[in-house]
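Notes follow the structure.
The values are calculated or read from the model by the stated rules, or taken from the named source; none is laboratory data. All values reported here derive from a predicted model rather than from experimental measurement. All Cβ positions, even for glycine, are placed from backbone atoms using ideal geometry, and neighbour counts span all protein chains on display.
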Amino acid sequence: MAGATALQREPTDKEIKLVIGASSAGTIFEWYDFFIYGTLAYILKDAFYDVDNEVLGLLLVWSTFAIGFAFRPIGAILFGFLGDRLGRKYTFLVTVTLMGIATAGVGFIPTVATIGIAAPIIVILLRIIQGLALGGEYGGAAIYVAEHAPPEKRGFYTSFIQASVVGGFVLSIIVVIACRLLIPEDDFIAWGWRIPFLLSILLLVISLWMRLKLSESPVFKAMKEAGETAGNPFIESFTYPGNKRRIFVALFGVAGVLTVIWYTAFFYGLSFLRGPMRLDTQLTEWIMLIAGLISMSFYIFVGKWSDRVGRKKPLVIGALATLFFLFPIFWGLGALANPGLSESARAAPVVVSGPECEYDPFADVQATECGRTLSGLSALGIEYTVEESNALAVTVGGEPVTGDFSGEPAASKAALQGVLEERGYNFETQNPGLGTIVGIIALLCCLGMLSALTYGSVAALLTEMFPAKIRYSSMSIPYHIGAGYLGGFLPLIAGYIVAVTGNPYSGLWYCWAVMAFGLVVAWWGLPDGPPRDFEDSGHAPPVSPAIP
């Protein structure tokens, strides 16, 4: 298949700038569409869900967020098939159009107070469309750039696509901050949150205009002219010699590794600071914006570095570093953002004892008195220990406290907050000084570097792992299963773990466990040495020399 896979000529500087610029801009816009929902989760929980329990409301929002991710693999199968049969360009034109329309649709949905349960149902349907579209977007953009790039620059050129994913998150923060500056807070919560969703219409027009200027991938054109396109890319992805092993490695050793640290760095970090650490909401957004902008450059550096040292080394280094530094980084964030909380938890630990001390975060009202007490502590973001006894009792720092802690969620939370404040707990919004803010940004940039190491070279790596005629399907399926389920469900799973334990750091164990398993798979399954193009050797990963 040399005629089909070799690049006919190296693109001119003008051509490659257009390819990278248009593909990256479209990726930024499409991920903006997907991430704006998560960025505004704290508002959407009240707009679309009629529950009194704050923890439950946020978990329902993250559940809807996860639904979009759950449909990404289906979109990968559908659009991967079309991309391998009809071409890279037109397939990701369709995906970006679907994403823009679905995102704008969220901005038009009446609230739950207006149309009742129909509101969350419509949101879920639109999130499904978004998930399907995103399942086809990443593979198309990554392959399109990779197939235009000379082998010795493939990691560098495709790293702009990786950085663009962070760019989508950054853009969502920028738009939210701009809206907050222009719209009073009460109005923003009441109706202004719709503007970031409606902006997707403008972004869609820009993206389509840029991408319509692009021509088809030279690799796909060569395959089509040679009559070497796949008959059924989905089936051939699982029957092609060695591809099952490649897909397994891509799923757990690549997608699983990169996606959990990405969502931990950005979404868990955002929720952690804005939630249990009680950092001022607008300050948190500015901090995440600055950290995100700085972190984007890391992906470019790692992609370029991988062209010299190979794709495996950065990913393995990033995974190992994550296992060692994930918890210390977040402990540092907590110590800087809200030092009093950690000190209070050590000096005056909370212990709840009683019969049937079970807490279900997905229940609007807990069934037992002890459960309702735990619900109040969880809503406050306070770590607690549970002990079995015959009667309900709460101790703080070893001293029993009295009060009605088992009423409705709001009443339980208020009663517990009162007694905890008397014992030194501080529930005020945190506004630290400049030096502390710089420290927080630095730690978030450390998380950004961990993400960049595991993600910066992945577009090039996945492109090189699979044969060209089934590349769109073969790389999209494992990538979106890993990113959709292992990563996309991280905010929900981590949020559930935190809610059950009351420990704001406990959700990190999910990331750590997935990362540990993925590291083993990557170490075993990825090739050492400099980058290599795919060769029809029947073995995985590829071992043939790069095309000169």
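Filtering region 310-347 to residues that are farther than 30 Å from R532 by Cβ and of a type in the set (D, E, K, R) leaves E343, R346.
Just a yes or no: is a residue in region 167-187 within 30 Å of R532 (Cβ to Cβ), touching a residue at least 40 places away in the same chain (Cβ under 8 Å) and not hydroxyl-bearing (S, T, Y)?
yes
What number of residues within region 421-443 are in contact with a Leu (Cβ under 9 Å, 6 or more places away or on another chain) and part of a loop (DSSP other than H, G, I, E, B)? Looking only at that region, the number is 6.
Please determine whether any residue of region 376-389 is part of a loop (DSSP other than H, G, I, E, B) and either touching a helix residue (DSSP H, G or I) at 6+ places or on another chain (Cβ under 6 Å) or free of Cβ contacts under 8 Å to residues at least 60 places away in the same chain (or both).
Applying the first criterion (part of a loop (DSSP other than H, G, I, E, B)) to region 376-389 yields 381-383, 389.
If we keep only those that are either touching a helix residue (DSSP H, G or I) at 6+ places or on another chain (Cβ under 6 Å) or free of Cβ contacts under 8 Å to residues at least 60 places away in the same chain (or both) as well, we get 383, 389.
Scanning region 376-389 turns up at least one residue that is part of a loop (DSSP other than H, G, I, E, B) and either touching a helix residue (DSSP H, G or I) at 6+ places or on another chain (Cβ under 6 Å) or free of Cβ contacts under 8 Å to residues at least 60 places away in the same chain (or both).
When P241 is tested against the conditions (1) crowded, with 20+ Cβ neighbours inside 10 Å; (2) touching a residue at least 40 places away in the same chain (Cβ under 8 Å), the lone failure is (1).
Across region 330-363, the qualifying residues are those that are surrounded by fewer than 19 Cβ atoms within 10 Å (Cβ to Cβ), closer than 18 Å to E408 by Cα and under 27 Å from the mean Cα position of the chain (by Cα), and the one among them that is modelled with the highest pLDDT is D360. Is there any pair linking a residue in region 391-416 that is assigned by TED's automatic domain parsing to the domain that holds E358 and assigned to a helix (DSSP H, G or I) to one that is hydroxyl-bearing (S, T, Y) and buried (at least 21 other Cβ atoms within 10 Å of the Cβ), with Cβ under 6 Å and at least six apart or on different chains, and which? Close Cβ pairs (under 6 Å, with a partner that is hydroxyl-bearing (S, T, Y) and buried (at least 21 other Cβ atoms within 10 Å of the Cβ)) amount to P409/S375.
Annotation: A141 fulfils all but one of (1) without any contact (Cβ under 8 Å) to a residue 40 or more places away in the chain; (2) among the small types (G, A, S); (3) within 29 Å of W305 (Cβ to Cβ); the unmet one is (1).
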